[in-house]
């Protein structure tokens, strides 16, 4: 766990490079900070077309959002987050993250279809959970695109 794949030719363009060029480290840091996730203790490195995240985040949700926020960037094919830890209890030693569930949007998908595919037939109404889990990167439930990677939260019992 810790290495996540993305579609290099899909995502938000950062900086002024070509479409297949990885963004520079400052552009990635600025993009991550723009989502106001609480990632001020996260270090960012760019190695070819891979983003490396290191440091500590508050919880599993922030971990997953940080990975998705930088991974859905044009020119990025992988995000390595093996050294990104979670500090849910500030007194405890930061722990490794749990394996998240991500979904890559396909042509013709919408959040309802994705919810039914991930949670089961008749559970399309759970699409709002997926939308909420991907805020602030998603600003509207209809604004998803092929190649975009979304967080799929666990259903509460």
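Each value in this text was obtained by applying a stated rule to the coordinates, not by laboratory testing. This structure is a prediction, so every number in the text was calculated from the model and none was measured. We place every Cβ from the backbone using ideal geometry, glycine too, and count neighbours over all the protein chains shown.
A few remarks follow.
- Considering each residue of region 132-153 in turn, none proves to be farther than 21 Å from residue 37 by Cβ, out of contact with any strand residue (DSSP E or B) (no Cβ under 6 Å at 6 or more places or on another chain) and outside any loop (DSSP other than H, G, I, E, B).
- For region 47-79, a residue qualifies if it is under 11 Å from residue 149 (Cβ atoms) and in a helix (DSSP H, G or I), and the qualifying residues are 64, 67, 68, 69, 70, 71.
- Boolean, residue 114 is part of a loop (DSSP other than H, G, I, E, B) and under 27 Å from residue 78 (Cβ atoms): no
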